[in-house]
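Structure first, commentary second.
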Amino acid sequence: MGRTSLVYLFFLIQIIPLTFVPAVHGADAATLVKRLPGSYSGQFQWRRSVRVYQVTFNFSRVRELPTGQVEATGTGIYDEYGEISRVNIRAVIDPENLYMEMWEYEQRSAPSAGMYRGEISNDMLLITAGWTNFLDKRRGELSLVADPNN
(Lines give C-alpha, C1' and ligand atoms only; values in the text may rest on other atoms or scores of the structure.)
Protein backbone atom coordinates (compact mmCIF):
# COMPACT_ATOMS: atom_id res chain seq x y z
CA MET A 1 0.00 0.00 0.00
CA GLY A 2 1.43 3.37 -0.98
CA ARG A 3 1.80 6.42 1.25
CA THR A 4 -1.08 8.23 -0.46
CA SER A 5 -3.36 5.26 0.11
CA LEU A 6 -2.40 5.11 3.79
CA VAL A 7 -3.13 8.83 4.25
CA TYR A 8 -6.48 8.40 2.51
CA LEU A 9 -7.30 5.37 4.66
CA PHE A 10 -6.36 7.28 7.85
CA PHE A 11 -8.74 10.14 7.01
CA LEU A 12 -11.48 7.75 6.01
CA ILE A 13 -11.18 5.95 9.34
CA GLN A 14 -11.41 9.30 11.14
CA ILE A 15 -14.49 10.46 9.22
CA ILE A 16 -16.63 7.29 9.16
CA PRO A 17 -17.51 7.28 12.91
CA LEU A 18 -18.65 10.90 12.68
CA THR A 19 -21.30 9.99 10.11
CA PHE A 20 -23.03 7.62 12.53
CA VAL A 21 -23.23 9.92 15.58
CA PRO A 22 -26.70 11.44 15.87
CA ALA A 23 -25.99 15.12 16.30
CA VAL A 24 -28.35 17.91 17.26
CA HIS A 25 -25.80 20.70 17.02
CA GLY A 26 -27.52 23.56 15.27
CA ALA A 27 -30.91 21.89 15.76
CA ASP A 28 -34.14 23.61 16.56
CA ALA A 29 -35.65 23.78 20.01
CA ALA A 30 -38.30 21.13 19.28
CA THR A 31 -35.63 18.56 18.43
CA LEU A 32 -33.71 19.36 21.60
CA VAL A 33 -36.87 19.09 23.72
CA LYS A 34 -37.63 15.70 22.20
CA ARG A 35 -34.12 14.22 22.44
CA LEU A 36 -32.66 15.59 25.69
CA PRO A 37 -32.05 12.65 28.07
CA GLY A 38 -34.00 12.82 31.31
CA SER A 39 -31.16 11.75 33.59
CA TYR A 40 -27.41 12.33 33.86
CA SER A 41 -24.90 11.16 36.45
CA GLY A 42 -21.24 11.78 37.10
CA GLN A 43 -18.97 13.84 39.34
CA PHE A 44 -18.44 17.32 40.70
CA GLN A 45 -15.16 18.46 42.21
CA TRP A 46 -14.07 21.80 43.60
CA ARG A 47 -10.85 23.06 42.07
CA ARG A 48 -7.80 22.31 44.23
CA SER A 49 -9.75 19.74 46.25
CA VAL A 50 -9.46 15.98 46.45
CA ARG A 51 -13.07 15.50 47.56
CA VAL A 52 -15.40 14.29 44.82
CA TYR A 53 -19.19 14.43 44.81
CA GLN A 54 -21.20 11.79 42.96
CA VAL A 55 -23.95 13.69 41.15
CA THR A 56 -27.26 12.75 39.53
CA PHE A 57 -29.41 15.29 37.67
CA ASN A 58 -32.95 14.32 36.66
CA PHE A 59 -34.86 16.59 34.29
CA SER A 60 -38.58 16.13 34.88
CA ARG A 61 -39.70 18.92 32.54
CA VAL A 62 -38.16 20.08 29.26
CA ARG A 63 -39.86 22.79 27.24
CA GLU A 64 -39.24 25.44 24.63
CA LEU A 65 -39.16 29.03 25.89
CA PRO A 66 -40.62 31.96 23.91
CA THR A 67 -37.02 33.08 23.26
CA GLY A 68 -36.31 29.89 21.28
CA GLN A 69 -34.13 28.51 24.06
CA VAL A 70 -34.95 25.29 25.90
CA GLU A 71 -35.60 25.10 29.64
CA ALA A 72 -35.00 21.89 31.60
CA THR A 73 -36.05 21.70 35.25
CA GLY A 74 -35.77 18.94 37.79
CA THR A 75 -33.69 17.80 40.74
CA GLY A 76 -30.05 17.28 41.52
CA ILE A 77 -28.62 14.88 44.08
CA TYR A 78 -25.07 15.25 45.40
CA ASP A 79 -23.49 12.41 47.35
CA GLU A 80 -20.29 13.38 49.13
CA TYR A 81 -19.09 10.20 50.79
CA GLY A 82 -22.58 9.32 52.05
CA GLU A 83 -23.71 12.88 52.84
CA ILE A 84 -26.67 13.51 50.52
CA SER A 85 -27.77 16.97 49.35
CA ARG A 86 -30.81 17.58 47.18
CA VAL A 87 -31.43 20.69 45.11
CA ASN A 88 -33.87 21.81 42.45
CA ILE A 89 -32.22 22.67 39.14
CA ARG A 90 -33.11 24.88 36.18
CA ALA A 91 -31.07 24.82 32.97
CA VAL A 92 -31.44 27.08 29.96
CA ILE A 93 -29.95 25.64 26.76
CA ASP A 94 -29.29 27.33 23.44
CA PRO A 95 -30.28 24.75 20.79
CA GLU A 96 -28.04 26.36 18.18
CA ASN A 97 -24.72 25.73 19.99
CA LEU A 98 -25.84 23.59 23.00
CA TYR A 99 -24.42 26.16 25.45
CA MET A 100 -26.04 25.74 28.86
CA GLU A 101 -26.44 27.80 32.01
CA MET A 102 -27.82 26.03 35.07
CA TRP A 103 -28.89 27.27 38.47
CA GLU A 104 -29.54 25.37 41.66
CA TYR A 105 -32.29 26.13 44.13
CA GLU A 106 -32.60 24.81 47.63
CA GLN A 107 -35.75 22.86 48.36
CA ARG A 108 -37.42 26.12 49.45
CA SER A 109 -36.72 27.54 45.95
CA ALA A 110 -34.22 30.15 47.12
CA PRO A 111 -31.54 30.57 44.43
CA SER A 112 -28.07 29.47 45.42
CA ALA A 113 -25.15 31.82 45.13
CA GLY A 114 -23.67 30.52 41.92
CA MET A 115 -24.26 28.82 38.62
CA TYR A 116 -22.99 26.28 36.11
CA ARG A 117 -21.89 27.35 32.64
CA GLY A 118 -20.99 24.74 30.07
CA GLU A 119 -22.24 22.70 27.20
CA ILE A 120 -23.96 19.54 26.15
CA SER A 121 -22.16 17.36 23.62
CA ASN A 122 -23.55 17.13 20.08
CA ASP A 123 -24.94 13.66 20.77
CA MET A 124 -26.40 14.95 24.09
CA LEU A 125 -24.69 12.19 26.06
CA LEU A 126 -22.27 14.42 28.00
CA ILE A 127 -22.59 17.57 30.05
CA THR A 128 -19.45 19.46 31.03
CA ALA A 129 -19.71 22.67 33.00
CA GLY A 130 -17.87 24.88 35.42
CA TRP A 131 -19.44 26.11 38.65
CA THR A 132 -18.75 29.58 39.97
CA ASN A 133 -19.76 30.50 43.51
CA PHE A 134 -20.64 34.21 43.48
CA LEU A 135 -20.00 34.72 47.21
CA ASP A 136 -16.51 33.32 47.70
CA LYS A 137 -15.45 32.97 44.02
CA ARG A 138 -14.70 29.23 44.42
CA ARG A 139 -14.93 27.22 41.23
CA GLY A 140 -15.61 23.59 40.46
CA GLU A 141 -15.99 21.24 37.54
CA LEU A 142 -18.98 19.08 36.63
CA SER A 143 -18.83 16.11 34.28
CA LEU A 144 -21.98 14.08 33.61
CA VAL A 145 -22.97 11.21 31.32
CA ALA A 146 -26.53 10.47 30.19
CA ASP A 147 -28.22 7.51 31.83
CA PRO A 148 -28.64 4.91 29.06
CA ASN A 149 -31.92 3.70 30.60
CA ASN A 150 -33.62 7.07 30.47
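Here are some notes:
- Residue that is modelled with the highest pLDDT [pool: residues in the stretch 7-30 that are loosely packed, with under 10 Cβ neighbours inside 10 Å and among the β-branched types (Val, Ile, Thr)]: Ile13
- Any hit, the stretch 31-38, residues being surrounded by 15 or more Cβ atoms within 10 Å (Cβ to Cβ) and part of a strand (DSSP E or B): no
- Here Leu126 meets each of (1) without any contact (Cβ under 8 Å) to a residue 24 or more places away in the chain; (2) surrounded by 12 or more Cβ atoms within 10 Å (Cβ to Cβ); (3) within 16 Å of Trp46 (Cβ to Cβ) with one exception, condition (3).
- Residue satisfying condition, being modelled with pLDDT under 90 and of a type in the set (Lys, Arg), within set Arg63, Arg108: Arg108
- Considering (1) modelled with pLDDT under 95; (2) polar (S, T, N, Q); (3) touching a Gly at 6+ places or on another chain (Cβ under 7 Å), the lone condition that Thr4 does not fulfil carries the number (3).
- Filtered residue count, the stretch 75-91, keeping only those that are within 12 Å of Ser60 (Cα to Cα) and free of Cβ contacts under 8 Å to residues at least 24 places away in the same chain: 3
The values are calculated or read from the model by the stated rules, or taken from the named source; none is laboratory data. Since the structure is predicted, the reported quantities are computational estimates derived from the model, not experimental observations. Every residue, glycine among them, receives a Cβ derived from its backbone with ideal geometry; neighbour counts consider all protein chains shown.
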